[in-house]
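Participant: I am attaching a structure below and will ask some questions about it afterwards.
The values are calculated or read from the model by the stated rules, or taken from the named source; none is laboratory data. Here the structure is a predicted model, which is why all the values come from computation and not from measurement. Cβ sites come from the backbone with ideal geometry, for glycine too, and all protein chains shown count toward neighbours.
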Amino acid sequence: MNFLNSIWLFALAALSMPVAIHLWNIKRGKTLKVGSISLITVSSQKKSRSLKLNDLLLLLLRCLLLALVAFVLAAPLLQRHNLSTVKGWVLIPKEDLKESYQKFKPPIDSLTKAGYEFHYFNKGFEKADFSKASADTTNYKNTNASYWSLVQQLDGQIPSTLPVYLFTPNGATHFIGEKPQVSLALHWQTYTSADSASTWVEKARLTNTNEIQIAEGNSKPSGTIYTERTIRSGDQQTPFMVYTENGRLSVGLKNSNESVVVGTSTWRFAICADKNSRDAGYVKAALQSIVQFTKHKAVIKQYINAGQIPPRQDWVFWLSAKSISKQLDCSNLFVYENGKIKISNSWISDESSSKQKIDLYRSITTDHNKGYSVWKDGFDEPVLTLQKQGWTNNYHFYSRFDPAWSDLVWSDSFPKMLLKLIVGQPTEPDRKYDRRVMDTKQVMPVINNDAHVSKKIIEHTDLSHYLWLLLVLIFAVERWLAHNKSLKKVMQND
């Protein structure tokens, strides 16, 4: 016997509670009626306590009740080898049975009529009667289980020569982790679900012109994109609904119950350049163009030293050759790295760089680069790296914002590259919105034809239903005995 949630077996420790309660039994003394107490002399008092298990049957029933509760929560499965001759298996996820059957009705019907066993493609691979399962009108919750993980589990339960026909959706959310290597006679057919598109509000913010700017997510089988939308005051021709929730401005789609809080924060930029005032001017101009483009509320200030920089800054650009003298309170810290200057004949690009190449003339070389690369040169060497330290993102720049070092500040890509750092883009949508699909060739696991291991079919029977019935029966008996005991005590006292 196996357990799906074996951690609940620790609940068996609760058996000590009824035993302790039954042992805590102080026996009452008997009352003797006498005519006179004049001849009774005072004697030393003696106390005795009897730790004795009374009502042993009740104790056993209550202990059994607690034990059954623990076993039910642990989800017991009876494991046995199926010695009967099976032609093959047909597997379909329980939550997608109706749609899968509509898509592949002819092959599924022919396989079940030919004697193939039907099993749910879920944890445990429960065997079921297909006619009853297809007539079930219950809407089961989508578990977004990893199909690759389930296929790997299946590989350990059935012979490698047994034909397996699997029918599932091809949504990318079901294929998590590495593609498994199995030895199965697997025939896997997939389809794109009818619900193949989703739209949602990823985030929203209030601009400096009191407009609401929205990042709208749209996921389709071909991929996911994010589009900027703007809601202006009095605009009725919009798919969005704006309202106040718990004293905060929220926005959501009109046909949806979900919403996001509209951000009203202000970007706070601090620039400290010391002698590199020209570099500070280029950065300040780029930030101003970003604010003008995004219409985001922002405060951009330049400081001489670290002591002047106020706390709670969103960005601090430390463009000084000096090291930072104090710990700065900021979310993002952009620092000039010091080291050996190397003459370079290369270019700068970011991760999603455009085809335009920005010439790089000089760079800083160090023995140890900090963090992972955000911007690189033509030799795949880091120009800007990101290192997370607590709540702060530390950006290390291995060059300078100086035309003598590169053409970065003259390029129209400069504000765009800074904007990506400041705003960022969500790379992966929430799983409940993701509608991307996998190609059939991507779905299929690696079939290892050499590893033909002789295995018997392992069947699992869920014992929870039987334990529930036993639990109800024992509870009824325990209540009946306890009631009779109480009734006898009342009659004796009367």
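Participant: Filter segment 216-231 down to residues that are without any contact (Cβ under 8 Å) to a residue 24 or more places away in the chain and surrounded by 15 or more Cβ atoms within 10 Å (Cβ to Cβ) and give me whichever is farthest from Lys297 (Cα to Cα).
Facilitator: Asn218
Participant: Might you check whether a residue that is in contact with a Phe, Trp or Tyr (Cβ under 8 Å, 6 or more places away or on another chain) and more than 23 Å from Val383 (Cβ to Cβ) occurs anywhere in segment 317-329?
Facilitator: Looking for residues that are in contact with a Phe, Trp or Tyr (Cβ under 8 Å, 6 or more places away or on another chain) and more than 23 Å from Val383 (Cβ to Cβ), one finds none in segment 317-329, hence no.
Participant: Of the numbered conditions (1) surrounded by fewer than 15 Cβ atoms within 10 Å (Cβ to Cβ); (2) at negative phi; (3) in a loop (DSSP other than H, G, I, E, B), Gly234 satisfies every one except a single condition; which is it?
Facilitator: Checking Gly234 against (1) surrounded by fewer than 15 Cβ atoms within 10 Å (Cβ to Cβ); (2) at negative phi; (3) in a loop (DSSP other than H, G, I, E, B), the one that fails is (2).
Participant: Would you check if there is a residue in segment 105-124 being modelled with pLDDT under 90, assigned to a strand (DSSP E or B) and not aliphatic (A, V, I, L, M)?
Facilitator: Scanning segment 105-124 turns up no residue that is modelled with pLDDT under 90, assigned to a strand (DSSP E or B) and not aliphatic (A, V, I, L, M).
Participant: Checking Ile212 against (1) farther than 30 Å from Ala285 by Cα; (2) touching a residue at least 40 places away in the same chain (Cβ under 8 Å): exactly one of these is not met. Which one?
Facilitator: Condition not satisfied by Ile212: (1).
Participant: If we keep just the residues of segment 281-290 that are free of Cβ contacts under 8 Å to residues at least 40 places away in the same chain and surrounded by 15 or more Cβ atoms within 10 Å (Cβ to Cβ), which is farthest from Ala215 (Cα to Cα)?
Facilitator: Gly281
Participant: I would also like to ask the following. Mind listing just one residue for me: the one in segment 331-354 that is touching a strand residue (DSSP E or B) at 6+ places or on another chain (Cβ under 9 Å) and in a loop (DSSP other than H, G, I, E, B) and, of those, modelled with the lowest pLDDT?
Facilitator: Ser353
Participant: Across segment 297-330, what is the total count of residues that are of a type in the set (S, T, N, Q), in contact with a Lys or Arg (Cβ under 6 Å, 6 or more places away or on another chain) and modelled with pLDDT under 90?
Facilitator: Total satisfying the criteria: 0.
Participant: Just one of the numbered conditions (1) more than 25 Å from the chain's Cα centre (by Cα); (2) under 21 Å from Asp439 (Cα atoms) is not true of Phe121; which one?
Facilitator: Here Phe121 meets the rest and fails (1).
Participant: While we're on this one: Count, please, the residues in segment 257-295 that happen to be closer than 23 Å to Gln327 by Cβ and of a type in the set (Phe, Trp, Tyr).
Facilitator: 2
Participant: Looking for whichever is of a type in the set (Val, Ile, Thr) and assigned to a loop (DSSP other than H, G, I, E, B) here; the options are Val86, Val69, Val90. Which one fits?
Facilitator: Matching residue, one of Val86, Val69, Val90: Val86.
Participant: Still on this structure, I have one more. Of everything in segment 291-312, what is in contact (Cβ under 8 Å) with a residue 40 or more places away in the chain and either in contact with a His (Cβ under 6 Å, 6 or more places away or on another chain) or surrounded by fewer than 16 Cβ atoms within 10 Å (Cβ to Cβ) (or both)? Give them in sequence order.
Facilitator: Phe293, Pro310, Arg312 - these are the residues of segment 291-312 that are in contact (Cβ under 8 Å) with a residue 40 or more places away in the chain and either in contact with a His (Cβ under 6 Å, 6 or more places away or on another chain) or surrounded by fewer than 16 Cβ atoms within 10 Å (Cβ to Cβ) (or both).
Participant: Starting from segment 357-373, keep only residues that are assigned by TED's automatic domain parsing to the domain that holds Tyr398, then list their pairs with residues that are exposed (fewer than 15 other Cβ atoms within 10 Å of the Cβ) and of a type outside the set (S, T, N, Q) whose Cβ atoms are within a distance under 6 Å, requiring at least 6 positions of separation or different chains.
Facilitator: Close Cβ pairs satisfying both conditions: Arg362/Ile341; Ser363/Lys342; Ile364/Gly339; Thr365/Gly339; Thr365/Lys340; Thr365/Lys342; Thr366/Gly339.
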